[in-house]
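One structure is given here, and the rest of the page talks about it.
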Amino acid sequence: MFENLLEQDTVKNRLVHDVKTQSLPSSILFFGPAYSGKMTAALELARTLTCANKEASWNCNCRSCRDHRVMNHPYTLLTGGRYFYEEIAASADVFLKNDNQVSRYMFVRNVRKLLKRFDTVLWEGETAKLKKCQAQLTSITDNIELFLPGEELPSEKKTEKLISSLLADCKKLALAVPGSTPINQIRRISTWAHRAGEKKVVILENADHMQEGARNALLKILEEPPSNLHFILVTTRFGAILPTIKSRVRAYGFSRRNRDQSQMVLKRIFKQEESSFQSLREFFLSHHDLNYSQLREQAEFFISSVQKKNVLFHDVIPGSFGKDMFMPFLEELSIQLNLLLKESLQKGINTQITGNLSKWNNKIRNYSMNFEVLNQSHNLLLESLYYEMKG
């Protein structure tokens, strides 16, 4: 039980205790920094809750656990966005270097985390919206079956070509995942949850990103949850969760992994024996179509330009700045601002930027919400942020 949740012993022990003593409530919230294992814990808890055996070991051979190991359980729903492509690409690299049962499970599971966002329950009655990505959905669904443990793969060259095609399709499909769970999906989840039958689990990532209507619809379910339903909310921003929602869930906090802990995860899971990555975030970004060093330099240049007179936004951010770079850039901007504050405190210096750090971090969070939830233009948001900080 929870064998694959690494370097989170406190929350792991608490979850094991609550499961074994049957004191786990029907609705819970996992919160903590990105890349801290929240989704790993959520998926493992979903498997544990539906396992036919009390011990719920990872290698349990009950039908429910077999379905969960390949992310194909019919009564588990996943919603919300995440770093799909980077995670899939990283696990594809592991598989190509070492084809074994573990690497196959990881690759298949990461691909199906994406596919699960297109479950028919979530999109019932909205087939027209899926037409643009139907080709990718069909192709990924069919091709990932070939990588299941026990399946015989084609030749090495054909396998590499197949993975390349899968990655291209996954990259396109990930763009179609709603940044926040829309109200229609919450309503369909409610209808689905109230149907009699098997025990059901809903995992909702980025629970803080929902618009007001979706939050209110979710609140109604949490107020009177069906007896056979477990809700697992996941967020990196505990403070952004509505107090009315917090009051109806039990919260489990995940700690930030330090460099040594991240190195251990990289070694155990992603087979990075001698990694130069300072964090899991750096590792996953290395599988994105951007250079992390350039991203950091661009964030540093952005901050330094804010503090200079007569430097226009268009002289700071190139016209080629892509939509897919916006969120990683905002994350890096926040990281560099916090590093600047730490350096300023050590030197006893207070600048316009460090003095307003809390304000700028709040602005960054708000702009990320406007981008993911309201689908506002990334270029306009970034330009607005630049001149607000400059003013």
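Table for the structure above
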quantity	calculated
Sequence-distant residues sharing a close amide H with ARG250 (under 5 Å, placed H)	SER27, ILE28, LEU29
Order of TYR292, TYR35, TYR387 under a 10 Å beta carbon neighbour criterion, fewest first	TYR387, TYR292, TYR35
Given the chain, longest segment not containing exposed loop GluC sites (Glu not before Pro) (DSSP; at most 15 other Cβ within 10 Å)	275-391
Using alpha-carbon coordinates, inclination of helix 183-193 to the longest axis of the chain, degrees	20
The chain, helix-only ellipticity at 222 nm - DSSP H runs n ≥ 4, -39,500 (n - 2.57), divided by all residues, nearest 500	-16500 deg cm²/dmol
Taking the chain and dividing mean pair separation by its residue count, relative contact order in percent (alpha carbons under 8 Å, at least six apart)	21
Alpha-carbon centroid distance for the pair segment 106-135 / segment 1-77, whole angstrom	23
Relative contact order (%) - criterion: Cα under 8 Å, at least six apart; region: segment 289-390	34
Protection proxy ranking, peptides 303-309, 108-114, average beta carbon neighbours within 10 Å, highest first	108-114, 303-309
Whole-Hz ³J(HN,Hα) from phi, Karplus 6.51 cos²θ - 1.76 cosθ + 1.60, for segment 218-233, glycine and proline x	5, 4, 4, 5, 5, 5, 9, x, x, 5, 9, 10, 10, 10, 10, 8
Residue order, fewest to most beta carbons within 10 Å, for MET327, MET389	MET327, MET389
Amide proton proximity set for LYS200, modelled H, under 5 Å, gap of 5+	LEU229, HIS230
C-alpha long axis of helix 38-50 to longest principal axis of the chain, angle in °	20
Distance violations [Cα-Cα > 32 Å] among LYS113/LYS246; LYS38/LYS309; LYS171/LYS271; LYS171/LYS220; LYS172/LYS390	LYS38/LYS309; LYS171/LYS220; LYS172/LYS390
Residue-wise HN-Hα coupling along segment 51-57, computed from phi with Karplus coefficients 6.51, -1.76, 1.60 (Hz; x: Gly, Pro)	5, 7, 10, 5, 6, 6, 5
Backbone HN-Hα couplings from phi across segment 9-17 [Karplus 6.51/-1.76/1.60, Hz, Gly and Pro as x]	4, 4, 6, 4, 4, 5, 5, 4, 4
Sites matching trypsin sites (Lys or Arg not before Pro) across segment 1-108 that sit in DSSP coil, with at most 16 neighbouring C-beta atoms within 10 Å	LYS54
Degrees, to the nearest 10: 292-306 long Cα axis against longest axis of the chain	40
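Only the coordinates and a few stated rules stand behind these numbers; no lab work does. Quick caveat: nothing in here was measured; it's all calculated off a predicted structure. Methodologically, a virtual Cβ is constructed for each residue, glycine included, from the backbone with ideal geometry; neighbour enumeration extends over all protein chains shown.
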